[in-house]
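The structure appears right after this line, and notes come after that.
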Amino acid sequence: MTNYRIRVDEDLCIGAASCVTIAPEIFQLNAENKAIVLDPTQTDLSETYERWVALDEEGYENLLLGAQSCPTLAIFIYNEAGEQLFPEM
């Protein structure tokens with residue numbers, strides 16, 4: 001398992017929900033139709049636009065597909081060292 005920081009830029013998010021369709025265990029739309037980041041272990045149920053999650057390789061691939069599906073590139077993924085993995089800089 002590797003820790004990743006996932007951040008949704010609420011100003012860029014348009015609520016297209018493609019991330020929710022691809023990775024519903026990580027993303028959900030809130031009452032404002034903005035994507036929020038879920039805790040895949042379901043221990044923290046708070047609504048937040050940013051969260052650290054521990055994922056295996058398959059979980060990370062699913063997260064990446066969800067982020068890549070965002071039409072406005074509103075989803076940012078960082079590794080434990082703080083390096084931005086997506087979108088590539």
### Message
Students often get this wrong, so try it: which of (1) 13.7; (2) 12.7; (3) 14.2 is Kirkwood radius over Cα pairs in Å as calculated from the structure shown?
### Response
(2)
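To the nearest 0.05, how large is the calculated FRET efficiency for residue 57 and residue 28 if R₀ is 22 Å and r is the Cβ-Cβ distance?
For residue 57 and residue 28, the calculated efficiency is 0.45.
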### Query
Charges only on Cβ, +1 for Lys and Arg, -1 for Asp and Glu: so what's the dipole of the chain about the Cα centre, in debye to the nearest 20?
180 debye
### Task
Report the extension gain between residue 9 and residue 65 in nm, rounded to one decimal, defined as 0.36 nm multiplied by the number of residues separating them, less their alpha carbon distance.
18.5 nm
### Task
Would you mind calculating the relative contact order of the range 1-88 from Cα pairs under 8 angstrom and at least 6 residues apart, reporting the percent as a whole number?
38 percent
### Electrostatic dipole magnitude of the range 1-46 [Cβ: Lys, Arg +1; Asp, Glu -1; Cα centre; debye, to 20]
100 debye
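Bear in mind that the values in this text are calculations on the coordinates, not laboratory data. Quick caveat: nothing in here was measured; it's all calculated off a predicted structure. Ideal geometry is used to build each Cβ from the backbone, glycine not excepted, and the neighbour counts take in all protein chains shown.
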